[in-house]
Amino acid sequence: MPCGEDWLSHPLGIVQGFFAQNGVNPDWEKKVIEYFKEKLKENNAPKWVPSLNEVPLHYLKPNSFVKFRCMIQDMFDPEFYMGVYETVNQNTKARVLHFGKYRDVAECGPQQELDLNSPRCATAERQTFYCVPVPGESSWVKEVYVNANQARVSPSTSYTPSRHKRSYEDDEDMDLQPSKQKDQHSCARQAGGLGGLHWCGEPKRLETEASTGQQLNSLNLSSPFDLNFPLPGEKGPACLVKVYEDWDCFKVNDVLELYGVLSVDPVLSILNNEERDASALLDPMECTDTAEEQRVHSPPASLVPRIHVILAQKLQHINPLLPTCLNKEESRTCKFVSSFMTELSPVRAELLGFLTHALLGDSLAAEYLILHLISTVYTRRDVLPLGKFTVNLSGCPQNSTFTEHLYRIIQHLVPASFRLQMTIENMNQLKFIPHKDYTANRLVSGLLQLPNNTSLVIDETLLEQGQLDTPGVHNVTALSNLITWQKVDYDFSYHQMEFPCNINVLITSEGRSLLPADCQIHLQPQLIPPNMEEYMSSLLAAVLPSVLNKFRIYLTLLRFLDYNISDDITKAVEDDFVEMRKNDPQSITADDLHQLLVVARFLSLSAGQTTLSRERWLRAKQLESSRKNRLQQHKCVNGNEL
């Protein structure tokens, strides 16, 4: 383990050391960041940092150094806090300067009081993000992260908490009798006079304990507390994340890896109860924060912990089998990437065989599924997203578990996914679009608040006759906009705000989908297993874990490869297009050419080729011809249905 465990268990002590050396000189803040950057560069150091994704909260020491892999679900208003404050000893009158950064509660020793009038006090600004675990994160991703993390903690380790885990009801009845806690409470309450109530009329709250906890019985919500996860059934902690530097670099739905100081001080809950009681005595016209807003922005710290960020990194992907950063330049020089590229052909062949079996022996559909899984929006021309490749897999057997098990296969291959069962009931009742709740001043999540590179599988085989009501129509429109424009229009009541996205959408249906798609491929099963569950389970069991990991690396890595078309090939494609139009003007349109170029792009990348060759162009034409012929044959057999 890296030497000097203090940076893991007592990061604020490290910060105190730099603060004491440099005083109010702002250089100490940069030195703190550089110190932790260097520490994390040490051999395997990140693996020793406990992660809130893997370690239960009550096993972690308060104020220890932790990490968190998450998505920004909402951004709250910026807030003021006391960056530097001074305390006075009541007996000796000795004055001590403290830092407020990376803290929720002002620290006071016995017999100390805050001197709020000291000229050495300084306020600073920080931003608060509401972060949730990555929506739809696959179980295999979690397992790899858990196995890699060496900060194994249990009640018998050094991370054993100083207090036992309590229920949220017990938090309310907790009695802070020890003198140390009472002193801290008293000091924090004084700070709260400056930071909370007296300034609640300001647009930005000036506060020491910037976000404080409230008890569950005052939430006016059914238990459990609404953590605002976008997808149903999600687990893991939500966190209030305090960001001190470069918060303008981040936006809603970004996926981050955070390193910082964990704050779960029980005093936060006590302070917020007092703040709530005191605010009830104020004129409502003088206080901008409603009770609902305080409730949402200041949940119990035991339920929604705070992380004070020292280092934050935006993640391009969450595949733990690959290096975190896969920029174009780094991909070329990375030994791992270059060595994997040498064995790309056999991996592709094995993946094609695996997906062919999953698609009941249909190798053409398996080819298109590979192209779909590596597709990504690589740029936007005006409003048009280039690189999206939504596939409609029609011909799926109705009243069968095929689509459910196909989704299970995809889950084992991609880092994040979600299966939307498109029933009349779901379309009418589920919330697809995130909307702004102005009373609570928060963004209420919806199913389509997903991070980039999520695989969304829409199962249309479950759709039966029925009537869509107004919310259902809006949900269908939202799905269509997502597929066509790769954007979701969040509802802000008085207006809509576009949030661009990059979501891979696969639609499984019996006939042609009701939703738009870039490509329809009609499934032609070569076999119908008598027991679908047994067939799919044995298929997964037959694949070695090492081979499955290669599939996962393959599908993530190819999204980040650069791609171009040489002038010679561009000229050849243009000539080919003119020749095809000359022979039969109706045979190919400009849209067909665009589709061909997209297929050729991902066909080339699937073979590890970053430029289009004549051979790949001809192969793309062959695939498209086979796909269209199959659709035409199905139309002849089944009338007008496609």
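The values are calculated or read from the model by the stated rules, or taken from the named source; none is laboratory data. Here the structure is a predicted model, which is why all the values come from computation and not from measurement. Ideal geometry is used to build each Cβ from the backbone, glycine not excepted, and the neighbour counts take in all protein chains shown. The protein model used for the area step is the full one, side chains on, heavy atoms only, and it has no ligands, DNA or RNA in it. Shrake-Rupley method; radii C 1.70, N 1.55, O 1.52, S 1.80 Å.
Per this entry, Lys39 is counted among residues that are touching a residue at least 12 places away in the same chain (Cβ under 8 Å) and outside any loop (DSSP other than H, G, I, E, B). In the condition set (1) surrounded by 17 or more Cβ atoms within 10 Å (Cβ to Cβ); (2) modelled with pLDDT under 95; (3) of a type in the set (Ser, Thr, Tyr); (4) closer than 24 Å to Ser139 by Cα, Ser302 is compliant with all but (4).
For the range 560-642, the helices (runs of 4 or more DSSP H) that sit wholly inside it and include 2 or more residues that are of a type in the set (Lys, Arg) are 567-583, 614-638.
For the range 382-431, which residues satisfy the criterion of being assigned to a loop (DSSP other than H, G, I, E, B), crowded, with 18+ Cβ neighbours inside 10 Å and of a type in the set (A, V, I, L, M)? Correct list: Leu413, Val414, Met422. Out of the residues in the range 122-151 meeting the condition of being modelled with pLDDT under 90 and not small (Gly, Ala, Ser), tell me which one is farthest from Lys550 (Cα to Cα). Within the range 122-151, the match that is farthest from Lys550 (Cα to Cα) is Gln150.
Yes/no matrix, rows are residues, columns are (1) more than 26 Å from Glu137 (Cβ to Cβ); (2) in contact with a strand residue (DSSP E or B) (Cβ under 9 Å, 6 or more places away or on another chain); (3) of a type in the set (Gly, Ala, Ser):
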{"position": "Thr470", "(1), (2), (3)": "yes, no, no"}
{"position": "Phe499", "(1), (2), (3)": "no, yes, no"}
{"position": "Ile521", "(1), (2), (3)": "yes, yes, no"}
{"position": "Met536", "(1), (2), (3)": "no, no, no"}
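Here is the figure for the range 575-615: residues that are basic (Lys, Arg) and closer than 30 Å to Ala349 by Cα total 2. Being out of contact with any Ser or Thr (no Cβ under 9 Å at 6 or more places or on another chain), open to solvent by less than 40 Å² (accessible area, probe 1.4 Å) and modelled with pLDDT of 90 or more is a property that does not hold for Leu8.
Taken across the range 495-517, residues that are in a helix (DSSP H, G or I) and either of a type in the set (Gly, Ala, Ser) or in contact with a Ser or Thr (Cβ under 6 Å, 6 or more places away or on another chain) (or both) do not occur at all.
Which is among the polar types (S, T, N, Q) and out of contact with any strand residue (DSSP E or B) (no Cβ under 8 Å at 6 or more places or on another chain), of Asn25, Asn63?
Checking each option against the conditions leaves just Asn25.
The residue of the range 96-147 that is surrounded by the fewest Cβ atoms within 10 Å (Cβ to Cβ), among those that are of a type in the set (Ser, Thr, Tyr) and under 38 Å from the mean Cα position of the chain (by Cα), is Ser139. Restricting attention to the range 482-494 and to residues that are part of a loop (DSSP other than H, G, I, E, B) and open to solvent by 40 Å² or more (accessible area, probe 1.4 Å), the residue that is modelled with the lowest pLDDT turns out to be Tyr494.
Does Leu322 satisfy the condition of being farther than 30 Å from Tyr244 by Cα, out of contact with any His (no Cβ under 8 Å at 6 or more places or on another chain) and in contact (Cβ under 8 Å) with a residue 40 or more places away in the chain?
No, not satisfied.
Filtering the range 360-375 to residues that are closer than 17 Å to Ala517 by Cβ and either outside any helix (DSSP H, G or I) or of a type in the set (D, E, K, R) (or both) leaves Glu367, Ser375. Per the listing His317, His308, the residue uniquely assigned to a loop (DSSP other than H, G, I, E, B) and either within 30 Å of Val146 (Cβ to Cβ) or modelled with pLDDT of 85 or more (or both) is His317. Figure legend. Inter-residue proximity from the range 337-362: first residues over 14 Å from Thr556 (Cα atoms), second residues among the hydroxyl-bearing types (Ser, Thr, Tyr) and open to solvent by 50 Å² or more (accessible area, probe 1.4 Å), beta-carbon distance below 6 Å, spacing 6+ or different chains. Indicated pairs: Thr356/Ser363. Scanning the range 66-95 for residues that are open to solvent by 50 Å² or more (accessible area, probe 1.4 Å), assigned to a strand (DSSP E or B) and either farther than 20 Å from Gly109 by Cβ or out of contact with any strand residue (DSSP E or B) (no Cβ under 9 Å at 6 or more places or on another chain) (or both) yields Met75, Phe80.
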